[in-house]
Amino acid sequence: MNIEREQVIAAARGDIPMDLVIRGANLVNVFTAEIYQADVGVKDGRYSAIATYKNNEPSFHMTGEKEVNAKGKYIMPGFIDAHVHIESTLVTPDMFASEVIRHGTTTAVIDPHEMANVLGVEGVTYMIEASQGLPVQILTTIPSSVPAVPGLEYSGAEFYAEDIAELFKLPGVVGIAELMDFPGVIKQSTRMSEIVQTGLTHNMLNEGHAPRVSGRDLQAYLAAGVNSDHESRSKEEVLEKLRAGMMVYIRESSASQFAHVVAEAWQEMPYAINIAMCTDDVEPNDMFHNGQMNRVVRRTIEEGVPAALAIRFATLGGAMRYGLRDQGAIAPGYLADFLLVDSLETMKVNDVYIKGEHTVKDNKVIKEITSPIKPLLKNTVHILELTEKDFFINAPIDSGQATLTTIEFTDIGTTVQGEVLLDIENGVVANLPEDFAYVTVINRHGRYQKPFIGVVKNAGIKDGAYATTMAHDSHNLVVVGKKPADMLIAANKLKACGGGLCLAQHGEVLAYVELPIAGLMSPEPISSLAKKVEAFNKCAIELGVSVGKRSPAMAFSSIALTVIPDIRMSDLGLVDVVKQELIPLFKSTIK
């Protein structure tokens, strides 16, 4: 019989040399939350032995085929991103891996929710196949909300329990992705209860998404078998979920930063073990300049959590969550995925080793990273031929005034329901006040219906129009603008190029970013795509585009997210998220 770890054990005994010895590094022990000097020996891709220092000398001496002097540096396990959407980086899995590995992420648990909502099973299969054989270990959770709320929107596909069960057969699947239809889980709608049960039956994790869910509703959500969350927005919410046994992910995304909230809860509950970390959605230019999981660790340390604990949350926390029994720590027998950094304050990654192989040197990838399959290039923007009149708001009266329901953005980017009194001339809304704009969500998945036009307040846009197909979660075509003519220009540009981002003004396209893979991703590297997004952002800022903490490029990407309170818009109209029902645009009219 071949003994798999025979050489690892022999090297641990000292009978044979190590393949690699890292000498004198400050080892971050995530089991005990200690930092101390040690030599780390690696054999056959695993840690073989750790020699701690006493009186400035290792407790035993190891020889290695290769040796690295790491005195003054910190050695820590590779980071595990517990929940991330690759599509939000706007690049393919290989380009994603090429960038995140520079920032210390060696395992990512992805939710290909965006691709699923556009291309269904084909989209999920592509993401999994394109993620195979990369140096970053990419595990997959199967999207649960396709679409997010059936009956209130139409996406490019529909997933039910039997579809998810079939996708469990694909490699590297570890669970069901965030169950965003939390009212359906709590109230036990047929669709959601069957999906959750499918996860339980197949011994798969059911990942959560429960913003502001508390009390008996939270108890019901947990009782159903959904026991993680990355949506907590207050200390009290985090404490309640930790005490209930929920796995809470510290999230620092491009739009949502909540390290401070979990840090506040940690001060009150310092012995909690049910904490991990995730990035969720990080835009390409943000990642390129500010990092990925190393940014989450850095922010958590800045908020007062001891460095060794913050690193535990980013490593062992994710490993425990997903049952990665030989990952997430530096200890004999564990896979040798580790980082070397100069400073715990900056958390800038110098070197990354994957199974003992030097993969990133001086923050540059030194191993070739390529996808095993070609990009899934196909135009998925299928909409009607539109005219300028299709972007007018048609009224139920020929002339007079009407009170319309509006979507109002708050300072932090959430939405509330409002209203506005507008003049009606020749059967259409005549003009909008300065701080209001037109908004529409056009189905781009082949339903070929005329767009529903509504009104949004505090969008910031002063002139022109903005359009995107990166519109969570069904990824229909969102267009926001001051003038219907410009809205038409922007929509047609994205129809022609297969999706992406577009700005138009005075009848011309000002800036655009092509995303030809499902209208969500580009096959180019993040370094070049980041420059395009930055140029787009600069133009958008000049037009006044601004919503909460979101970058201008993604300012309106969540206006169609029908699972985030209070009011959103789908391709079918205005949606009351709390009541989960469509609401009328016109509240009253005066002739």
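The values are calculated or read from the model by the stated rules, or taken from the named source; none is laboratory data. Treat the numbers as computed from the prediction; the structure is a model and nothing was measured. Please note: Cβ atoms are built from the backbone with ideal geometry, for glycine as well, and neighbour counts cover all protein chains shown. We work out accessible area using only protein heavy atoms, side chains counted, and drop any ligands, DNA or RNA first. Shrake-Rupley method; radii C 1.70, N 1.55, O 1.52, S 1.80 Å.
Going by the structure shown, is A272 of a type in the set (G, A, S), crowded, with 24+ Cβ neighbours inside 10 Å and at pLDDT 95 or above? Here the answer is no, as A272 does not meet what is asked.
Hey, could you check the range 479-501 for residues that are more than 26 Å from A130 (Cβ to Cβ) and under 27 Å from the mean Cα position of the chain (by Cα) and say which is most open to solvent (accessible area, probe 1.4 Å)? Outline the logic, then answer.
Filtering the range 479-501 for residues more than 26 Å from A130 (Cβ to Cβ) gives 479-493.
Those still in the list that are under 27 Å from the mean Cα position of the chain (by Cα) too: 479-481, 490-491, 493.
Numbers: V479: 0, V480: 0, G481: 0, A490: 0, A491: 0, K493: 54 Å².
My answer is K493.
Within the range 119-148, the set of residues being out of contact with any strand residue (DSSP E or B) (no Cβ under 6 Å at 6 or more places or on another chain), open to solvent by 10 Å² or more (accessible area, probe 1.4 Å) and of a type in the set (A, V, I, L, M, F, W, C) comprises L119, V121, L134. Of the residues making up the range 205-234, just one is assigned to a helix (DSSP H, G or I) and crowded, with 24+ Cβ neighbours inside 10 Å, namely Y221. For E542, the conditions (1) free of Cβ contacts under 8 Å to residues at least 12 places away in the same chain; (2) within 28 Å of G446 (Cα to Cα) all hold with the exception of (2). The single condition among (1) among the acidic types (D, E); (2) closer than 27 Å to T105 by Cα; (3) in contact with a Leu (Cβ under 8 Å, 6 or more places away or on another chain) that E178 does not satisfy is (3).
Taking the range 115-170 as the range and being under 17 Å from the mean Cα position of the chain (by Cα) and assigned to a helix (DSSP H, G or I) as the test, the residues that pass are M115, A116, N117, V118, G123, V124, M127, I128.
What residue, among those in the range 358-372 that are of a type in the set (S, T, N, Q) and closer than 21 Å to M76 by Cα, is least open to solvent (accessible area, probe 1.4 Å)? Explain how you work it out, then say what you get.
So in the range 358-372, the residues of a type in the set (S, T, N, Q) come out as 359, 363, 370-371.
Next, only the ones that are closer than 21 Å to M76 by Cα stay: 359, 363.
Details: T359: 5, N363: 30 Å².
That would be T359.
Let me confirm something: among S522, S527, S546, which residue is modelled with pLDDT of 95 or more, of a type in the set (S, T, N, Q) and more than 16 Å from the chain's Cα centre (by Cα)? Steps first, please.
Working: S527 fails: modelled with pLDDT of 95 or more; S546 fails: modelled with pLDDT of 95 or more.
Answer to the check: S522.
Kindly evaluate K355 against the criterion of being on the phi > 0 side of the Ramachandran plot, surrounded by fewer than 18 Cβ atoms within 10 Å (Cβ to Cβ) and under 27 Å from the mean Cα position of the chain (by Cα). It is true that K355 is on the phi > 0 side of the Ramachandran plot, surrounded by fewer than 18 Cβ atoms within 10 Å (Cβ to Cβ) and under 27 Å from the mean Cα position of the chain (by Cα). Just one residue in the set V100, V68, V91, V42 is open to solvent by 10 Å² or more (accessible area, probe 1.4 Å) and either among the aliphatic types (A, V, I, L, M) or at pLDDT below 95 (or both); that residue is V68.
Note on the range 235-260: residues that are under 21 Å from T414 (Cα atoms) and either part of a strand (DSSP E or B) or at pLDDT 95 or above (or both) amount to 11. Might you let me know whether the range 502-519 holds any residue that is at pLDDT below 95 and farther than 18 Å from P375 by Cα? Yes: the range 502-519 contains one or more residues that are at pLDDT below 95 and farther than 18 Å from P375 by Cα.
Would you mind finding the one in Y47, Y53, Y36 that is under 22 Å from I138 (Cα atoms), part of a strand (DSSP E or B) and either open to solvent by 10 Å² or more (accessible area, probe 1.4 Å) or not β-branched (V, I, T) (or both)? It would help to see each step written out before you state the result.
Details: Y53 fails: under 22 Å from I138 (Cα atoms); Y36 fails: under 22 Å from I138 (Cα atoms).
Answer to the check: Y47.
Annotation: T589 fulfils all but one of (1) part of a loop (DSSP other than H, G, I, E, B); (2) in contact with a Gly (Cβ under 9 Å, 6 or more places away or on another chain); the unmet one is (1). Give me the residue from the range 298-308 that is farther than 15 Å from S256 by Cα and in a helix (DSSP H, G or I) and, out of that set, most open to solvent (accessible area, probe 1.4 Å). Looking at the filtered set, the residue picked out is E302. Take the range 555-586 and flag every residue that is modelled with pLDDT of 95 or more and either open to solvent by 50 Å² or more (accessible area, probe 1.4 Å) or of a type in the set (S, T, Y) (or both). If the condition is that a residue be modelled with pLDDT of 95 or more and either open to solvent by 50 Å² or more (accessible area, probe 1.4 Å) or of a type in the set (S, T, Y) (or both), then S570, L572, L582, P584 are the ones that fit.
The test for being open to solvent by 10 Å² or more (accessible area, probe 1.4 Å), under 18 Å from V479 (Cβ atoms) and touching a helix residue (DSSP H, G or I) at 6+ places or on another chain (Cβ under 8 Å) does not hold for S527.
Is it the case that T106 is touching an Asp or Glu at 6+ places or on another chain (Cβ under 7 Å) and crowded, with 24+ Cβ neighbours inside 10 Å? Answer is yes for this residue. Selection of first residues in the range 390-415 that are touching a residue at least 24 places away in the same chain (Cβ under 8 Å) and on the phi > 0 side of the Ramachandran plot and of second residues that are surrounded by 15 or more Cβ atoms within 10 Å (Cβ to Cβ) and in a strand (DSSP E or B), restricted to Cβ pairs under 6 Å at least 6 apart or on distinct chains, gives the following pairs, ordered by first then second residue: G400/I424. With the requirement that a residue be open to solvent by less than 10 Å² (accessible area, probe 1.4 Å) and either without any contact (Cβ under 8 Å) to a residue 24 or more places away in the chain or out of contact with any Phe, Trp or Tyr (no Cβ under 7 Å at 6 or more places or on another chain) (or both), what does the range 309-327 give you? Of everything in the range 309-327, those that are open to solvent by less than 10 Å² (accessible area, probe 1.4 Å) and either without any contact (Cβ under 8 Å) to a residue 24 or more places away in the chain or out of contact with any Phe, Trp or Tyr (no Cβ under 7 Å at 6 or more places or on another chain) (or both) turn out to be A310, I311, F313, G317, G318, A319. Annotation note: Cβ proximity below 8 Å between a residue of the range 102-118 that is aliphatic (A, V, I, L, M) and a residue that is assigned to a helix (DSSP H, G or I) and open to solvent by 10 Å² or more (accessible area, probe 1.4 Å) (sequence gap 6+ or interchain) occurs for M115/Y126. Scanning the range 537-554 for residues that are crowded, with 17+ Cβ neighbours inside 10 Å, small (G, A, S) and not in a helix (DSSP H, G or I) turns up S546, S551. What tally of residues in the range 20-33 results from selecting those that are open to solvent by 70 Å² or more (accessible area, probe 1.4 Å) and not hydroxyl-bearing (S, T, Y)? Looking only at that region, the number is 1.
Residue count for the range 381-414 satisfying the condition of being assigned to a loop (DSSP other than H, G, I, E, B), closer than 21 Å to S557 by Cα, in contact with a Pro (Cβ under 9 Å, 6 or more places away or on another chain) and open to solvent by less than 30 Å² (accessible area, probe 1.4 Å): 1.
Among the residues making up the range 171-204, those that are part of a loop (DSSP other than H, G, I, E, B) and either open to solvent by less than 60 Å² (accessible area, probe 1.4 Å) or among the charged types (D, E, K, R) (or both) are G172, M180, D181, K187, S189, M204.
Pairs are defined by a Cβ separation below 9 Å, a sequence spacing of at least 6 or placement on different chains, a first member in the range 491-515 that is in a helix (DSSP H, G or I), and a second member that is β-branched (V, I, T) and open to solvent by 20 Å² or more (accessible area, probe 1.4 Å); the pairs so defined are K493/V509.
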